[in-house]
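Asker: Structure below; questions to follow.
Bear in mind these aren't lab numbers, they're just calculated from the coordinates by the rules spelled out. Please read these numbers as outputs of a predicted model, since none were measured by experiment. Here the Cβ positions follow ideal geometry from the backbone for every residue, glycine too, while neighbour counts run over all protein chains shown.
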Amino acid sequence: MTAVRERPAETRQLERVTIRFAGDSGDGMQLTGSQFTRTAAVFGNDISTYPDFPAEIRAPAGSLPGVSGFQLSFASTRIHTPGDQPDVLVAMNPAALKSNLGDLPAGGALVVNEDAFTPVNLNKVGYAGNPLTDGSLSAYHVFSVPISTLNARASEGLELTNKQVDLTKNFFALGLMFWLYDRSMEPTLQWIDEKFSKRPVIAEGNKRALRAGYNFGETTEIFHERYIVPPARLAPGRYRNITGNEATALGFVAASQLADRTLFYGSYPITPASDILHSLAAYKNFGVKTYQAEDEIAAIGAAIGASYGGALGITGTSGPGLALKSEALGLAVMVELPLVVIDVQRGGPSTGLPTKTEQGDLLQVMFGRNSDSPVAVVAPATPAECFDMAIEAWRIALKYMTPVAFMSDAFLANGAEPWAIPDPGDLPQIAVPNRTEKEGFYPYLRDPVTLARPWAVPGTPGLEHRIGGLEKSDVIGNVSYDPDNHHRMTVLRQEKIAGIAKDIPPLEVFGAPEGDLLVLGWGSTYGAIRTAVERLRARGLAVSHAHLRHLNPFPANTEAVVRSFRRVLIPELNLGHLQMLVRARYLIDATGYNRVRGKPFRIAEIEAEAERVLTGSVGSRS
Amino acid sequence: MTESTDRANGAAALPVLTRKDFVSDQEVRWCPGCGDYSILAQTQKVMPDFGYPRENIVFISGIGCSGRLPYYMNTYGFHSIHGRAPAIATGLKAARPDLMVWVITGDGDALSIGGNHLIHSLRRNVDLRIVMFNNRIYGLTKGQASPTSEFGKVTKSSPYGTIDYPVSPLAIALAAEASFIARTVDTHTEHIQATLEGAGRHRGSAFVEVLQNCNIFNDGAHREFTDREVRDDRMLVLEHGRPMVFGKERNKGIRLHGHQPEVVTIGENGITEDDILVHDETDPLIAFMLAHIYWPEFPVPVGIIRRISRPTHDELLSNQIEQAIAGRGKGDLAKLLASGETWTVEGDGS
């Protein structure tokens, strides 16, 4: 039995802590992680999170495929990633231990629910003996706690079934972590009251579980130390915690206000993009019109129809859905209507890894249509940046009358970070008026600067015209099979997209503008690359980082940037999509670092690869 | 002022439009003798009757010979991709409830590649008039079997006869709960006009099957019952509230024997007009029966088979928005961005 504490635990200050909660997919690990995250965020830490869950809603209990994890990092300094490895692993059963232990460094803390280490559960995942007693965990600080038993005792006297009591044990673990890191239980207690306002007994059970976990830490001597991570010195302002999908939804609502147009969102449910539909469907009082279509094609078709009528037409999906939308996206290219296609990428091909992250759709977005069919492509680098890039996507779509692909991924979509809430007055104005002037109107008469055609919407007297997927004659817009006209229109469509390069920010370089190595990335790999480059630079190495937010076209200075370094390393969660584009465009021997494990890069991986390239063992550009 | 004028922007003094106002400057390029010419002409002819200004009317089509029709209408037009016109029209109508939106499609476009969109636009009661040209063949791709081609039909893609059973377009529309379902014939100009008039004045999803001849790849597609000499005996022209009587002599009718329809002759075996089933556009069982009877067992029903009233997709969508605004106030972006838990970091001069 654990000894009762005789004197308070010592408190140590830490700069950064990474915790991973892991359990059965029915154990509430995502909830536990997100409750800790909001508590840390409201306390003022910088945070970064990485929810990692299976596609199965409830895989067989106690099995390896059913393990759900939530990793969060909180710090008193700016951080860019949810941490390579956890400092603390909370494992609610043997399956969670087995599938996560490999990530825990030697000396790391391991909190386990020893009640779950029954012969049946151990056997399910292939443990011959009990790792809690056979000495195999001697490299770690193991805190073996009978969480189920203690939690059940806390609920005694409440009218709850054994199953209901068992469902609260995640809050026991959360309470224990709150004690260990000296965090207030108040935000979670309030959340429980709101969440279960109609079921007070359930609320009481959860609150007792949380307090019991906290008090267990306080009163027993299992932990000799507790830890405090002071608030981060973020720039002054008002903050909230935000995931990429939330920021994406908010960004498009903001875009609709800034453009003074109705937001129409057509979508078909697909992981990991569905939350954007859920969010937007709730914003009806902003005039947002959402449409859960019968399929992916109808979703983009309806968005095109809405844009044709003068609304902000948006469709959102993931890789398999994007494949289905290809033909309609080509139509949007041909009729030159504004449109945004959100692609929250996941592991592929085909159904692939629905809940896991990947950057495998870049070339699909670039080239996955018949003929020369260019679209603009933007890619946010962090969850919060999804907000800014949503507005940017719409700015480009409206100004250039073009579809724009918005490339998010599962890691951005579900990961969270603090977000400095912007003042709507500081956001860019992106309104573009419709054509109403009858004099001199032709459907394909282009703006001389942007090459955009006029946006004449139905309801405008005197501008009645016909558009469609057949090639149209330049300027006049009638159906045309003229060979030279088709060549001219194909080139014009390409030039229009290429010309956007004059209208986007230059590619910024972090670190020196020239040197031995440039690490070039895009999308959600930002945090890992930036931290790796910070570490390499701190060691005196001539390494810089550049991160593309615009992938088609590239910023105008991209070639100058990549040519200013002896070597270029492009880490991607695919087998070399950006690498192929950069090599083709600039004839530069860029080296790829490619991993498709359904997980974000670790900082250490990129750091090590950069060192290998620097020492010339791979990828010399001589 | 007509009822439809009230619907169209409430404009008080609209210029009086004629058929010519709806004829575009584009040369019509269907094969000479094609049934589409007649459908186009009647469409242009009825268009002024709805009281919509020309700029508030949109024609959206898919791919196939029917897909060219929007080019010939002097309205807004969108010739989209194969099968997807109902999807595009749904988005347009959701964004712009003020517009009158027509979808022009064919049997392959609507029932094969675009079957899903047809079903779902109908079940949502999107306020569209979907006109499907049914020539029972793929014409634009030069003569392959379509979903309405008769079983065993020999075509380029089925040299030994097709082994696919045909679908009934009306039965599909009925299964999808379309609020207006009708059938008409390309050469019967007055009947097309009346049917398109009915569709144009309907609020909600209107589905019109036009039996159309392809004189190149499926000539005589419907000749057996549409030719002038035989049509009175082989087609049943429906009128709401009137008995289902047909025949040159107006002496044949449809009677229900139990739940089975049968063709009877008035004046034989003591049968009078009172025995004949009376058409009711709101009766689902009559609609089901009419969607399934066909030549040669029965006369082919034409006219409005079903017409009911229920809220449209755009009305329901707009109502939700109005209710959300009434309940929660008009959206305030600053408040939305700062929703959920927030915390403030004070400036510390560093």
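Asker: Only bridges with both residues in the protein assembly as shown count here: give the DSSP antiparallel percent, nearest 5.
Answerer: 35 percent
Asker: Moving to a separate point now. Quick one: dipole size for the protein assembly as shown, taken about the Cα centre, charges +1 on Lys/Arg Cβ and -1 on Asp/Glu Cβ, in debye to the nearest 20.
Answerer: 1120 debye
Asker: Another question about this same structure. Taking amide H positions as placed 1.01 Å from N in the peptide plane, with prolines and chain starts having none, which residues 5 or more places from A:R435, or on another chain, fall under 5 Å of its amide H?
Answerer: A:W455, A:A456, A:V457
Asker: A follow-up question, please. Quick one: check the C-alpha center-to-center distance for the stretch A:210-281 versus the stretch B:77-110, whole angstrom.
Answerer: Measuring centre to centre over Cα atoms gives 39 Å.
Asker: Just rank B:E177, A:E56, fewest to most, by other beta-carbon atoms within 10 angstrom.
Answerer: Lowest to highest Cβ neighbour count: A:E56, B:E177.
Asker: Another question, if that's okay. Among B:V131, A:F143, A:G83, which residue has its Cα furthest toward the positive end of the charge dipole of the protein assembly as shown, with +1 on Lys/Arg Cβ and -1 on Asp/Glu Cβ?
Answerer: With unit charges placed on the Cβ atoms, the residue in question is A:G83.
Asker: Zone of A:A106 (label point 7 Å along Cα→Cβ, backbone N under 11 Å): which residues in the stretch A:126-144?
Answerer: The answer is A:139-140.
Asker: Turning to a different aspect of this structure: Helix A:385-400: angle to the longest alpha-carbon principal axis of chain A, degrees 0 to 90, nearest 10?
Answerer: 10 degrees
Asker: Of A:G313, A:S274, A:H465, which is farthest on the positive side of the dipole of the stretch A:237-503, counting Cα position, with +1 on Lys and Arg Cβ, -1 on Asp and Glu Cβ, and the Cα centre as origin?
Answerer: Of the listed residues, the answer is A:H465.
Asker: Which lysines, on any chain, are close to A:K284 with Cα under 24 Å apart, when same-chain ones fewer than 8 places away are left out?
Answerer: Excluding near neighbours in sequence, the set is A:K195, B:K93, B:K330, B:K335.
Asker: How well do other chains shield peptide B:66-73, expressed as the mean number of their Cβ atoms within 10 Å of each residue Cβ?
Answerer: 2
Asker: Report, in listed order, any pair from A:K124/A:K198; A:K399/A:K599; A:K98/A:K163 with a Cα-Cα distance greater than 30 Å.
Answerer: The pairs that break the limit, which is 30 Å between Cα atoms, are A:K124/A:K198; A:K399/A:K599.
Asker: Please report, for the Cα atoms of the stretch A:237-503, the Rg to one decimal and the Dmax as a whole number; what are they, in angstrom?
Answerer: Rg and Dmax of the stretch A:237-503, Cα atoms, are 18.0, 59 Å.
Asker: A further question on this structure: With contacts defined as alpha carbon pairs under 8 Å and 6 or more residues apart, what's the relative contact order of chain B in percent?
Answerer: Rounded, it is 14 percent for chain B.
Asker: Turning to a different aspect of this structure: In whole Å, what is the distance between the alpha-carbon centres of the stretch A:475-536 and the stretch B:137-187?
Answerer: Cα centres, the stretch A:475-536 to the stretch B:137-187: 47 Å.
Asker: Under a straight-distance cross-link criterion of Cα-Cα below 17 Å, which lysines are reachable from B:K153, leaving out those fewer than 8 residues away in the same chain?
Answerer: Straight-distance partners of B:K153: B:K142.
Asker: What is chain A's relative contact order, in percent, from Cα pairs under 8 angstrom and six or more apart in sequence?
Answerer: 12 percent
Asker: While we're on this one: With charges only on Cβ, +1 for K and R and -1 for D and E, what is the dipole size of chain B about its Cα centre, in debye, rounded to 20?
Answerer: 580 debye
Asker: In nm, to one decimal, how far is the B:D227 label point from the B:V263 one, both placed 7 Å along Cα→Cβ?
Answerer: 1.6 nm
Asker: Shifting gears a bit: Apply the Karplus curve 6.51 cos²θ - 1.76 cosθ + 1.60, θ = phi - 60°, to the phi angles in the stretch A:108-118 and return the couplings in whole Hz, x for Gly and Pro.
Answerer: Running phi through 6.51 cos²θ - 1.76 cosθ + 1.60 with θ = phi - 60° gives x, 8, 10, 9, 10, 8, 5, 4, 7, 8, 8 Hz.
Asker: Oh, and also: Could you pull out every residue, at least 5 positions away or on a different chain, whose amide H is within less than 5 Å of the one on A:L312? Hs are placed 1.01 Å off N in the peptide plane, and Pro or chain starts have none.
Answerer: A:T262, A:L263, A:F264
Asker: If you average the C-alpha positions of the stretch B:271-296 and of the stretch A:155-169 separately, how far apart do those two centres end up, in angstrom?
Answerer: Distance between centres, Cα-based: 62 Å.
Asker: What are the residues whose amide H is under 5 Å from the amide H of A:Y593, where those residues sit 5 or more places off or on another chain and H is modelled from the backbone?
Answerer: It is A:I570, A:E572, by chain and number.
Asker: About the Cα centre of the stretch A:227-353, what is the dipole size in debye to 20, counting +1 per Lys and Arg Cβ and -1 per Asp and Glu Cβ, all else neutral?
Answerer: 580 debye
Asker: Report, to two decimal places, the Cα Rg of the stretch A:509-614 normalised by 2.2 N^0.38 Å (N = number of residues).
Answerer: Ratio of Rg to 2.2 N^0.38 Å for the stretch A:509-614: 0.96.
Asker: Using only helices, what value at 222 nm comes out for the protein assembly as shown when you add -39,500 (n - 2.57) per DSSP H run of length 4 or more and divide by the total residues, to the nearest 500 deg cm²/dmol?
Answerer: Mean residue ellipticity at 222 nm (helix-derived): -9500 deg cm²/dmol.
Asker: Follow-up question, since we're still on this one. If you take the charge dipole of the stretch A:509-614 about its Cα centre, with +1 on Lys and Arg Cβ and -1 on Asp and Glu Cβ, which of A:G598, A:A538, A:F565 is farthest toward its positive end?
Answerer: It is A:G598, whose Cα lies furthest towards the positive end.
Asker: Taking the Cβ of each residue in B:V237, A:V201, A:V568 as the centre, tally the other Cβ atoms inside 10 Å and list the residues starting with the fewest.
Answerer: With the sparsest Cβ surroundings first, the list reads A:V201, B:V237, A:V568.
Asker: Output the relative contact order of the stretch A:229-364, whole-number percent, from Cα pairs under 8 angstrom with separation of 6+ residues.
Answerer: 21 percent
Asker: How many nm separate the modelled label positions at B:H240 and A:L575, each set 7 Å beyond the Cα in the direction of the Cβ?
Answerer: The answer from the label model is 6.2 nm.
Asker: Quick one: order A:K195, A:K284, B:K330, A:K399 by neighbouring beta-carbon count within 10 Å, fewest to most.
Answerer: B:K330, A:K195, A:K399, A:K284
Asker: How many Cβ atoms of partner chains, on average, are near each residue of A:33-41 if near means within 10 Å of its Cβ?
Answerer: For this peptide, the per-residue mean of nearby foreign Cβ atoms is 1.
Asker: Further question on the same structure: Note the angle between two axes, namely the Cα long axis of helix B:36-46 and the longest principal axis of the Cα atoms of chain B, as a number of degrees from 0 to 90, rounded to the nearest 10.
Answerer: Relative to chain B, helix B:36-46 is tipped by roughly 60 degrees.
Asker: Net charge within 10 Å of A:W191 by Cβ-Cβ distance, Lys/Arg positive one each and Asp/Glu negative one each, not counting A:W191 itself?
Answerer: Taking every other residue near A:W191 into account, the sum is -2.
Asker: Follow-up question, since we're still on this one. Ordered by residue, what ³J(HN,Hα) values in Hz, to whole numbers, does the stretch B:199-216 give under the Karplus form 6.51 cos²θ - 1.76 cosθ + 1.60, where θ = phi - 60° and Gly and Pro are x?
Answerer: So the J values, rounded to whole Hz, are 5, x, 8, 7, 9, x, 6, 10, 10, 10, 8, 9, 6, 10, 8, 10, 6, 9.
Asker: Sticking with this one: Once both axes come from the Cα atoms, what is the angle between helix A:296-308 and the longest principal axis of chain A, in degrees from 0 to 90, rounded to 10?
Answerer: On a 0 to 90 degree scale, this one is about 50.
Asker: Within a 10 angstrom radius of each residue's Cβ in A:281-291, how many Cβ atoms of other chains show up on average? Whole number is fine.
Answerer: 6
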